[in-house]
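Take a look at the structure set out below.
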Amino acid sequence: MIEEKFREIFELWGYREVRTSTVEYFDIIKLGAGEPFVDSIFKFQDYDGKLISIRGEITTQIARMMATRLYNENRVYYIENCIRFVSPRDVGQREFWQAGAELFGRGGAEEDGEIICLALECLEKLGLKANVDIGSISIFRKIANYFKIEELDALRRAISSKSLFAIREIVRNESAMEVLKYIIENRGSIEIVKKLVDMGIAEIMEDLKYFEGLFEVIRAYGYEDRIVVDLSTLREMKYYNGIVFEIFLEGIGIPIGGGGRYDEMMKEFGLSLGATGFAVNIDLIMKAIKYSTMKKEGPVRIYYKEGFLEKAVRMAKELRSKGIKCIIAPHRGENNGIILGERDEGTNISNTK
Amino acid sequence: MELFWVKEMKGLILAIPNKGRLRKPIMEILESIGIMAMDDERVYLSNTTMENLQLLSVRAVDIPTYIYYGIADMGITGKDIIEECGFELYELADMKFGSCNLVLAVREDSPYSIPMDLPQGVKVATEFPNITRRFFNSLGIQAEIIILRGAVEIAPILGLSDCIVDLSSTGETLRKNGLRSIATIMKSSARLICNKISYKTKYNEVKRIEELLVRACENINL
């Protein structure tokens, strides 16, 4: 059912389904996805000794298909399974299902905007209110370049773990430190990018224009309140070169998906073509749907502190008269419902239900 | 309806070690800001004196796992443990206490004085196989790693391994077991870590706890 929903929306947005092969030459995946990702995929040998891998992600395969089979398509989607190694401390499974879409074109902000809004739209139609954090590999590289920081991998890890301490181990320059501190400590909208330009990194002017274009699209779709610029969002895959984003849901501890712009990988495959896309993990989405229906179906819990019994009962009566199930109990430290207490303790009921 | 002032609680779970060297200072810090577990010490998930905050007491090595999957929102554990597990987490603050070094140590009477002296195929006993593998890979030395669960210092003298990678704060245990350190692989101390999604969805709560803990850490003399 979830797959059907994805298929329906992808088709409505003019995307065409593609199927990629289950196995792929290891070198191709390595060329596209790079280390350390390739360490996590299953590999075996072909009859002539060449290394073959089982597909562990789809984007690289699609990029290769674009390059070798000259598709006339510029909007494609897939719903496929992937297989990866799982270490004993991982909760995930070796096999998981992904749904995703890729958009090839000129490389404009409107394309990234479409991809992000498409992802949100699919989830919306499944009843999930997802949020997106946007970062930028382009801005990251410009900052590193501006301050002549060479240890890019270490810096990327330090920024994406928001660790001031780790950044300090790499960066000596005080003004660089100020910029990076700003990046890891602030979440917001375009003003985050604007501020970096104000801090003197003129090269980012270009990205600012780009972000303005991106938000224009996002506003047009009405998703601006779901999207936050957090420049510490830097995805690991080496193929990204423009914006990158992560999709997440309250109640699920790890991102359910993400994506970004990867024109540079197309270049690796010999195409000068803009490319952007996203993928989400269907298994996590199933979990999220279960979680949200669980929350919906259960009765509303009303806990009252001393002296608030009467109000609790009045509230329950009102809810029940509207057909909403509810339970009343004295408050003993629970945190999974409505707590009736002193006025200064909270917000109005209308916000909670 | 507008008569009622209510709150939908968005509780936070803070994971702390249930034993080990970090436990005591963490309890002191929490106590100094008035956070105490309301349940018996053996209740691993306990309500606290602070509303909306629960304490999860688990093994220090498991804390990153609980946080990565979002079971706990925040936690305090050693940098060595965070590095070893390699999960993507936010590392919000260096709490400064519990500092120690992760060192490479060899037998007192061995001829090795720097890591590069060690031979190919060297046997290394450690509780930190991932960090150790990364370290030897960076040197270009193929190492055979023997995973132990503690008291690693005894391995070289008994002939189980040629060297060890282990934590050392004063060097006392190394000396007593006839070892000497030839390199510091990393410096560790207690860190405040956070689940990436919790940071985004419970930003204000996370920041409030972070501020409280960091300030308490500065004010208390550990």
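Numerical summary
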item	result
Calculated Rg and Dmax of the protein assembly as shown using C-alpha coordinates, Å	26.2, 84
Net charge, B:THR170 excluded, C-beta distance under 15 Å - Lys, Arg +1, Asp, Glu -1	+2
Stokes-Einstein translational diffusion, the range A:2-293 - Kirkwood Rh over all Cα pairs, 1.567 mPa s, 4 °C, in µm²/s	65
Residue exposure sequence - A:LEU103, A:LEU126, B:LEU179 - by fewest surrounding Cβ within 10 Å	A:LEU126, A:LEU103, B:LEU179
Ranked list, fewest to most other Cβ atoms within 10 Å of each Cβ, for B:SER198, B:SER110	B:SER110, B:SER198
Structure-based [θ]222 nm, chain A - -39500 (n - 2.57) summed over DSSP H runs of at least 4, per residue, nearest 500	-12500 deg cm²/dmol
For the range B:1-139: relative contact order, % (alpha-carbon pairs under 8 angstrom, 6 or more apart)	23
Distance (nanometres) between label positions extended 7 Å along Cα→Cβ at A:SER87 and A:ASP225	4.0
FRET efficiency estimate (nearest 0.05) - Cβ-Cβ, B:LEU158 to A:ASP198, R0 56 angstrom	0.35
Tilt relative to chain B, helix B:129-139 - C-alpha long axis, 0 to 90 degrees, to 10	50
Proximal lysines to A:LYS322, defined as alpha-carbon separation beneath 22 angstrom and excluding residues fewer than eight positions away on the same chain	A:LYS295, A:LYS296, A:LYS311, A:LYS353, B:LYS7
Paired Rg and Dmax values of the range B:7-127, which use every Cα atom, in angstrom	18.6, 67
Diffusion constant of the range B:100-187 at 4 °C, which comes from Stokes-Einstein with the Kirkwood Cα-pair radius and 1.567 mPa s, µm²/s	104
Members of B:LYS19/B:LYS96; A:LYS125/B:LYS202; A:LYS148/A:LYS209 lying beyond 22 Å, as alpha-carbon distances in this model show	A:LYS125/B:LYS202; A:LYS148/A:LYS209
Cα-centre dipole for chain A with unit charges at Cβ (Lys and Arg positive, Asp and Glu negative), debye to 20	1200
Reachable aspartates and glutamates, given that their alpha-carbon falls under 13 Å from the alpha-carbon of A:LYS50 and they are not under 8 places away in the same chain	A:GLU24, A:ASP27
Cα→Cβ-extended label distance, 7 Å offset, between B:MET38 and B:LYS176, nm	4.2
Equivalent-ellipsoid semi-axes of the range A:158-274, from the Cα gyration tensor, Å, largest first	23, 19, 18
Percent of C-alpha pairs per 10 Å bin, chain B, short to long	8, 30, 28, 19, 11, 2, 1, 0, 0
FRET efficiency, A:SER40 to A:GLU212 (Cβ-Cβ, R0 30 Å, nearest 0.05)	0.25
Within the range B:12-45, backbone nitrogen closer than 17 Å to the virtual label 7 Å beyond the Cα of B:ARG215 toward Cβ	B:29-36
Estimated FRET transfer efficiency when R0 is 22 angstrom, pair A:GLU191-B:ASN204 (beta carbons, to 0.05)	0.70
Per-residue Cβ neighbour rank within 10 angstrom, fewest leading, B:LYS196, B:LYS207	B:LYS207, B:LYS196
The range B:100-187: antiparallel DSSP beta bridges as a percent of all, rounded to 5	60
Taking the range A:2-293 and dividing mean pair separation by its residue count, relative contact order in percent (alpha carbons under 8 Å, at least six apart)	23
Residue-averaged beta-carbon neighbours from other chains (10 angstrom radius) around B:196-205	5
Options A:VAL280, B:ILE13, A:MET66, ranked by Cα towards positive dipole end of the protein assembly as shown, top entry (Cβ charges)	B:ILE13
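Rule-based calculations on the coordinates, nothing more; no lab input. The model shown is predicted, which means the values in this text are computed figures rather than measured ones. FYI the Cβ positions are ideal-geometry reconstructions off the backbone, even for glycines, and counts take in every protein chain you see.
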